[in-house]
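Okay, structure first, notes after.
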Amino acid sequence: MYKVSENPFKNRMSERTAFTVISSLFVTLYLVSNIMAVKVISIFNLFYFDAGTITFPFAYMLGDVLTEIWGFKTAKKVIWMTFFCNLLMVICTQIGVWLPSPDYLDRTAEAYNHIFNYVPRIVIGSLTGFLLGELSNSFLMEKIKEKTKGRRLWVRTIGSSAVAYIFDSLPFVLIAFAGIVSTRDLLLMIMFQYVAKLLIEAVFGTPMAYVAICWYRKNVRS
């Protein structure tokens, strides 16, 4: 009896599936970051940042992966799709705020309304920073790739983010938190958010981008 050899392509993920997975994670992380951003974290009463700062750099990392593999034009389409998904979240959560709830769930409704009445301001700030930051990040990723002739991925991921986080953090913090926290805390939030996001991307995001891109080239494109 002859043994039939296994098809080496049988278990490989298609390019369309890989794109769908990465794009979906990209959108999800931005939605999650916007909801988490409602909570401001204070460390030693000196370092202030919103909780979304923790997850936001990983969304940037996925934006880097999208640009690296599929190019700026495709990444730009995903960025705009994410923009409209954020708007849809605001519309849907606001409908939830306006709808009545039973008296015995007043505390739950109050908590929901408190969070999601504030989310629109977070999202407006986030979307402004998101479009300025993510579009500039993807654009710079591609330009640096051309300059480096496809070498040194870490230069592209960190270099593009170093510029993009300025366009992201500054408008986001000003729109989302101006008038709510003191001027001192506002400045500390801008400074710490920028540094924290860049460090998280450099230490965690960039290695993960290497893994994702290498996996894609080995299991999908090869």
Practice item. In whole angstrom, note down how far apart the Cα centers of region 143-222 and region 28-89 are. Key: 10
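Could you give the accessible area per residue of region 55-208, probe 1.4 Å, as a whole number in Å²?
Details: 7780 Å² over 154 residues.
Normalised by residue count, the accessible surface of region 55-208 is 51 Å².
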Check your understanding: Setting aside same-chain residues fewer than 8 positions from Lys218, which lysines have a Cα under 16 Å from its Cα?
Key -> Lys10
Revision key, fill the gap. Taking the square root of 5λ for each eigenvalue of the C-alpha gyration tensor of region 57-107, the equivalent ellipsoid has semi-axes, largest first and in whole angstrom, of 37, 12, 5
Exercise for review: Run a plain Debye calculation on region 55-171 (Cα atoms as equal point scatterers, no solvent) and give log10 I(q)/I(0) at q = 0.21 Å⁻¹, rounded to two decimals, same order as the q list.
Suggested key: -1.06
Practice item. Roll a 1.4 angstrom probe over the protein heavy atoms and tell me the percent of accessible area of region 74-156 that is carbon or sulfur. Key: 67
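Indicate the gyration tensor shape class of the chain (rounded, prolate or oblate), computed on the Cα atoms with a ≥ b ≥ c the square roots of the eigenvalues: a/c under 1.5 is rounded; otherwise a/b larger than b/c is prolate and the rest oblate. Can you show the working numbers first?
Numbers: a/c = 2.41, a/b = 1.48, b/c = 1.63.
Verdict is oblate for the chain.
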Exercise for review: Give, to the nearest whole percent, the P(r) tail of region 122-220 beyond 15 angstrom, counting all Cα pairs.
Suggested key: 66
Revision key, fill the gap. Of the listed links Lys39/Lys197; Lys76/Lys149; Lys39/Lys77; Lys145/Lys197, those spanning more than 26 angstrom between alpha carbons are Lys39/Lys77
Exercise for review: Take every Cα pair under 8 Å in the chain that's 6+ residues apart, average their separations, divide by the length, and report that relative contact order as a whole percent.
Suggested key: 27
Study note, to complete from the structure: Ordering 121-130, 170-179, 95-104, 80-89 by per-residue average of other C-beta atoms within 10 angstrom, highest first, gives 121-130, 170-179, 80-89, 95-104
Point to revise | Stretch gain in nm, segment Val155-Gln94, where the contour uses 0.36 nm per residue and the Cα spacing is subtracted | key: 17.8 nm
Review point. What is the extension gain from Glu146 to Ser101, computed as 0.36 nm multiplied by their sequence separation minus the C-alpha to C-alpha distance, in nm to one decimal?
Key: 10.6 nm
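The values are calculated or read from the model by the stated rules, or taken from the named source; none is laboratory data. Given the structure is predicted, the values throughout are model-derived calculations rather than measurements. Note: ideal-geometry Cβ built from the backbone for every residue, glycine included; neighbour counts use all protein chains shown. In case anyone asks, the SASA skips ligands and DNA or RNA and just uses the protein heavy atoms, side chains included. Shrake-Rupley method; radii C 1.70, N 1.55, O 1.52, S 1.80 Å.
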